[in-house]
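The structure appears below as structure tokens.
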Amino acid sequence: MGRVMALDVGDVRIGIAVSDLMGIIANPLETYTRKGNLEVDAQYIVDLAKSKEVSLFISGLPLGLKGQENDQTAKTREFVDKIKEICDIPVEYLDERFTTLSAERVLIEGNVRRENRKKVIDKVAATIILQNYLDRKR
């Protein structure tokens with residue numbers, strides 16, 4: 001199967017998680033702070049994916065509460081389209097509603113201080129997205 005990389009794409013940060021080689025466990029990797037240049041940001045993600053020998057991207061798709069697409073959905077699709085333009089690693093989308101809320105809850109339960117949560121919440125959200133994907137594939 002190879003490694004799978006999940007992305008939680010935001011305007012300011014991108015949470016990144018990667019699976020183990022067997023595709024069973026999702027691990028938080030990093031929170032990338034965007035540089036404000038779509039091509040630079042996408043190239044960073046592609047280079048990171050190649051260094052980790054990723055065979056599939058999973059991108060969280062931010063939908064409204066009723067499942068409708070919105071401005072953030074369009075921004076995420078634009079970012080993913082740029083990734084598709086510069087590499088041949090396939091990309092799948094996964095509904096990410098409530099993943100940030102779940103990540104926040106996990107961090108609170110883990111007694112992570114409020115000021116530290118912002119540093120890690122995006123990669124925790126990406127990890128939740130990835131683990132949801134991996135669990136569905138088993």
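The values are calculated or read from the model by the stated rules, or taken from the named source; none is laboratory data. Since the structure is predicted, the reported quantities are computational estimates derived from the model, not experimental observations. Backbone-built Cβ (ideal geometry, glycine too); neighbour counts: all protein chains shown. Just so you know, the surface numbers come from the protein's heavy atoms only, side chains and all, with ligands and any DNA or RNA stripped out. Shrake-Rupley method; radii C 1.70, N 1.55, O 1.52, S 1.80 Å.
Considering only residues that are among the acidic types (D, E) and more than 15 Å from S102 (Cβ to Cβ), which ones fall in region 115-138? Once the filter is applied, which keeps residues that are among the acidic types (D, E) and more than 15 Å from S102 (Cβ to Cβ), region 115-138 yields only E115.
The set of residues in region 115-127 being within 11 Å of E30 (Cβ to Cβ), touching a Leu at 6+ places or on another chain (Cβ under 7 Å) and open to solvent by less than 30 Å² (accessible area, probe 1.4 Å) consists of A126 alone.
Listed by position, the helices (runs of 4 or more DSSP H) contained in region 17-114 that have at least 2 residues being open to solvent by 40 Å² or more (accessible area, probe 1.4 Å), at pLDDT 95 or above and in contact with a strand residue (DSSP E or B) (Cβ under 9 Å, 6 or more places away or on another chain) are 71-86. Of all residues in region 1-16, those satisfying the criterion of being open to solvent by less than 50 Å² (accessible area, probe 1.4 Å) and closer than 21 Å to K137 by Cα are G2, V4, M5, A6, L7, D8, I16. Taking each residue of region 47-60 that is closer than 16 Å to I24 by Cα and looking for partners that are in a loop (DSSP other than H, G, I, E, B) and modelled with pLDDT under 95 with beta-carbon atoms closer than 6 Å, six or more apart or interchain, yields S55/G2. Scanning region 102-125 for residues that are of a type in the set (G, A, S), over 15 Å from the mean Cα position of the chain (by Cα) and within 19 Å of T33 (Cβ to Cβ) yields no hits at all. Taking every residue in region 61-73 that is on the phi > 0 side of the Ramachandran plot and pairing it with any residue that is surrounded by 13 or more Cβ atoms within 10 Å (Cβ to Cβ) and assigned to a loop (DSSP other than H, G, I, E, B), at least 6 positions away or on another chain, the pairs with Cβ-Cβ distances below 9 Å are G67/R97.
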